[in-house]
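**Q** Encoded as structure tokens, here's the structure I'll be asking about.
The values are calculated or read from the model by the stated rules, or taken from the named source; none is laboratory data. Predicted model, so just to flag it, every value in this text is computed and none were measured. Note: ideal-geometry Cβ built from the backbone for every residue, glycine included; neighbour counts use all protein chains shown. Quick note on the areas: whole protein, heavy atoms, side chains included, nothing else; ligands and nucleic acids left out. Shrake-Rupley method; radii C 1.70, N 1.55, O 1.52, S 1.80 Å.
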Amino acid sequence: TTPPVRVTVTGAAGNIGYALVHMIGQGRLLGPNQQIILTLLELPMAKDQLEGTMMELRDCAFPLLKEIKGTTQYDQGFMGCDIAILVGAKPRGPGMERKDLLAANARIFKEQGEALEKYASRNVKVLVVGNPANTNALITAHFAPSIPKSNFTALTRLDQNRAQSIVAQRVSANVEDVRNIIIWGNHSTTQFADVSQATVQQNGISYTVRGLVADDAWLQKAFVEQVAKRGGAIIEKRKASSAASAASAVCDHIHDWLIGTDNGTFVSMGVITDGKLYGIKEQVCFSFPCICKDGNIKVVEGLKWDQFQQSMIDKTLKELLEEKEMALSVVVN
Ligand code: NAX
């Protein structure tokens with residue numbers, strides 16, 4: 001039997017964290033046989049909620065959870081950690097500008113990068129969920145220099161899953177039969193949900209999404225916007241932000257990263273650019289189509305962009321570069 005894997009979730013008593021820790025207990029991260037030592041890391045002010053969440057988690061009596069720990073300290077939170085899921089972040093308060101939010105979170109993720117550098121396994125796999133997720137992932141990686149950059153990712157799987165379900169509804173297909181929609185760029189309203197490579201399997205035949213939908217105007221505008229603004233639409237109806245769907249996407253992301261993607265299928269993940277990928281010279285955390293095997297992520301290269309795609313990608317890259325500059329100006333030197 002394989003030894004238990006140490007998983008840490010920050011913000012574990014929050015909206016997403018609460019849903020996520022239960023899904024982890026059910027085996028959604030690494031399958032039904034992998035035991036987990038689960039650490040819940042929270043802010044001191046959420047200590048009661050943390051304890052309450054742990055009580056419920058224990059009451060589920062999940063056989064996979066070998067140990068459940070709760071802490072408000074980074075050293076205990078990240079010691080020997082194999083998988084770090086960074087959900088906790090400063091939310092946007094009333095009257096708060098985007099740059100204030102970026103600055104507050106840059107400070108938090110600097111600290112978390114430093115803590116991972118000090119305490120985590122050298123091969124820790126890091127997934128940043130807390131927003132602005134891509135830029136937070138970049139900052140975290142920057143402050144954990146001895147951990148490979150390829151071990152840091154940001155969550156755009158929720159956007160992919162949203163896009164997949166919207167297309168499935170539109171063409172009356174099963175959601176799992178819709179494949180290879182790509183989310184490019186930032187997990188924000190500038191993200192680009194691209195169906196140029198996407199297919200739908202129906203009765204054993206593979207169709208292109210573009211062919212089936214046969215409405216490029218919808219695919220290039222209404223669809224892209226619907227995916228990008230889905231989070232806001234949910235808040236409006238539910239009076240609370242996406243929680244279960246975000247937690248489920250976290251499980252999909254980690255599962256595919258560590259267990260591997262299916263043959264012929266790619267998934268979207270925010271990864272840190274190396275100066276060569278798709279001609280992006282700067283270091284940013286950008287969402288690409290990825291294939292995973294043996295715990296390694298390989299970006300699918302060589303896809304060609306037409307003018308429309310290029311303009312969408314330029315826009316989201318520009319935003320990421322602005323975010324990077326703002327965040328770095330707060331935490332570097
Ligand atoms: P909540 O405010 O419900 O929960 C956040 C929790 O994190 C709180 O319990 C808080 O005490 C804790 N926390 C804050 N700072 C912390 C720190 N430095 N260390 C440890 N814990 C800390 O927010 P929730 O709805 O759970 O959302 C969490 C984050 O996910 C937000 O930043 C949100 O914007 C982001 N999202 C990202 C998504 C993505 O696809 N990348 C989608 C869903 C979500 O909007």
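**Q** Open to solvent by 70 Å² or more (accessible area, probe 1.4 Å) and farther than 21 Å from A106 by Cα: is that true of M79 in this structure? Show your work before the answer.
**A** Numbers: open to solvent by 70 Å² or more (accessible area, probe 1.4 Å): yes; farther than 21 Å from A106 by Cα: yes.
So M79 passes the test.
**Q** Only one of R179, R230 is touching a residue at least 60 places away in the same chain (Cβ under 8 Å), open to solvent by 50 Å² or more (accessible area, probe 1.4 Å) and within 13 Å of the ligand (Cβ to nearest atom). Can you tell me which?
**A** On the way: R179 fails: within 13 Å of the ligand (Cβ to nearest atom).
Just one listed residue meets the conditions, R230.
**Q** Can I ask one more? How many residues, within segment 235-285, are assigned to a loop (DSSP other than H, G, I, E, B), open to solvent by 20 Å² or more (accessible area, probe 1.4 Å) and among the aliphatic types (A, V, I, L, M)?
**A** First pass over segment 235-285, keeping only residues assigned to a loop (DSSP other than H, G, I, E, B): 239-243, 260-266, 273-276, 280-284.
Pick out the ones that are also open to solvent by 20 Å² or more (accessible area, probe 1.4 Å) and you get 239-241, 261-266, 274-276, 281-283.
Filter again for among the aliphatic types (A, V, I, L, M), leaving 240.
The total comes to 1.
**Q** Going by what's in this entry, would Q26 be described as farther than 23 Å from A249 by Cβ, modelled with pLDDT of 95 or more and not acidic (D, E)? Full working, then the answer.
**A** Numbers: farther than 23 Å from A249 by Cβ: no; modelled with pLDDT of 95 or more: yes; not acidic (D, E): yes.
No; evaluated as a whole, the condition is false for this residue.
**Q** Got a sec? Which strands (runs of 3 or more DSSP E) wholly within segment 1-102 have at least 3 residues that are touching a helix residue (DSSP H, G or I) at 6+ places or on another chain (Cβ under 7 Å) and farther than 19 Å from S241 by Cα? Reasoning before the result, please.
**A** Working: elements: 5-10, 36-41, 65-71, 83-86.
Where strands (runs of 3 or more DSSP E) fall fully within segment 1-102 and carry at least 3 residues being touching a helix residue (DSSP H, G or I) at 6+ places or on another chain (Cβ under 7 Å) and farther than 19 Å from S241 by Cα, they are 36-41, 65-71.
**Q** Another question about this same structure. Among the residues of segment 47-57, are any surrounded by 12 or more Cβ atoms within 10 Å (Cβ to Cβ), in contact (Cβ under 8 Å) with a residue 40 or more places away in the chain, away from the ligand (no atom under 11 Å from the Cβ) and within 24 Å of L155 (Cα to Cα)?
**A** No; the residues of segment 47-57 include none that is surrounded by 12 or more Cβ atoms within 10 Å (Cβ to Cβ), in contact (Cβ under 8 Å) with a residue 40 or more places away in the chain, away from the ligand (no atom under 11 Å from the Cβ) and within 24 Å of L155 (Cα to Cα).
**Q** While we're looking at this one, here's another question. Please state which one of P32, P63, P44 is within 16 Å of the ligand (Cβ to nearest atom) and open to solvent by 80 Å² or more (accessible area, probe 1.4 Å). I'd like the intermediate steps shown before the answer.
**A** Working: P32 fails: within 16 Å of the ligand (Cβ to nearest atom); P63 fails: within 16 Å of the ligand (Cβ to nearest atom).
Only one candidate qualifies: P44.
**Q** Taking interchain pairs and intrachain pairs at least six residues apart, which have beta carbon atoms under 7 angstrom, with the first residue in segment 61-79 and of a type in the set (K, R) and the second not in a strand (DSSP E or B)?
**A** K66/P4; K66/Q35
**Q** Give A89, A103, A84 a once-over and let me know the one that is modelled with pLDDT under 95 and open to solvent by less than 50 Å² (accessible area, probe 1.4 Å). Quick ask: steps written out before the conclusion?
**A** Values: A89 fails: modelled with pLDDT under 95; A84 fails: modelled with pLDDT under 95.
Going through A89, A103, A84 in turn, just one is modelled with pLDDT under 95 and open to solvent by less than 50 Å² (accessible area, probe 1.4 Å): A103.
**Q** Out of E111, E117, which single residue is farther than 21 Å from T190 by Cβ, open to solvent by 10 Å² or more (accessible area, probe 1.4 Å), within 15 Å of the ligand (Cβ to nearest atom) and free of Cβ contacts under 8 Å to residues at least 40 places away in the same chain?
**A** Working: E117 fails: within 15 Å of the ligand (Cβ to nearest atom).
Answer to the check: E111.
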